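Engineer: Here it is: the structure, laid out below.
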Amino acid sequence: MLKEQFASALVAARTGAPWAWEAIYRDLAGVVGGYLRGHGAPDVEDLVSETFLSVAKDIHGFSGDEDAFRSWVFTIAHRRLHDAWRVRGRRVPVADGEDSQARAEQRWQGNVEDEAMASMSTEEVEALIGHLTAPQRDVILLRVVGDLSVAQTAQVLGTSEGAVRALQNRALRDLRKVVGDDA
């Protein structure tokens, strides 16, 4: 969304204008869903909905520009993800080859709609990032899928920019090894 459009959409969203909420949702729902999906989140669509319900509830307290808004939305999504795992009484899963393959086969053997919505590239990405540590996965998903800056990623994760850079460098090094081994 352009900076001028964002400012007017934010003002209009605070008054409940449907066009503004549609613009905000259209701009961010896909990348938020990608971030959640990259973490193997249960019920991605539900978590995206919960994220945007929180945004709608708290938008009057938000102040900042479009970059700050994006960080704020991803912070909410990150918290909803961890809440979902906590409610289920489980840790965030670390995908291994067999687990990723089983999930891929289960989705592939599902109904026609699931097959149309899921692609092998998603499964391949999940398997690839499954080799990363949870903090590395957070950084890569926020930086690549979420298209957040180092500063925004640090804000979402509650860490320093230096830590984000270090995690990103280690993650990329580890991914190069995995891709190199598979090539």
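Engineer: What is the distance in Å between the Cα centroid of the range 47-80 and that of the range 142-181?
Structural biologist: With the range 47-80 and the range 142-181 each reduced to a Cα centre, they are spaced 21 Å.
Engineer: If you don't mind, there's one more thing I want to ask. Treating the range 1-91 as a set of equal point scatterers at the Cα positions, no solvent, please give the Debye-formula log₁₀ I(q)/I(0) at q = 0.11, 0.17, 0.20, 0.24 Å⁻¹.
Structural biologist: Taken in order of the listed q values, log10 I(q)/I(0) reads -0.31, -0.69, -0.91, -1.22.
Engineer: In addition: Pairs of alpha-carbon atoms within less than 8 angstrom and 6+ residues apart define the contacts here; what relative contact order does the range 130-183 have, in percent?
Structural biologist: Dividing the mean separation by the residue count of the range 130-183 yields 40 percent.
Engineer: Give a residue-ordered list of calculated ³J(HN,Hα) values for the range 41-52 (Karplus: 6.51 cos²θ - 1.76 cosθ + 1.60, θ = phi - 60°; whole Hz; x for Gly, Pro).
Structural biologist: Whole-Hz 3J(HN,Hα) from phi for the range 41-52: 5, x, 6, 3, 4, 5, 5, 4, 4, 4, 4, 6.
We did not get these values from a lab; they are worked out from the coordinates using the rules stated. Computed from a predicted structure; not experimentally measured.
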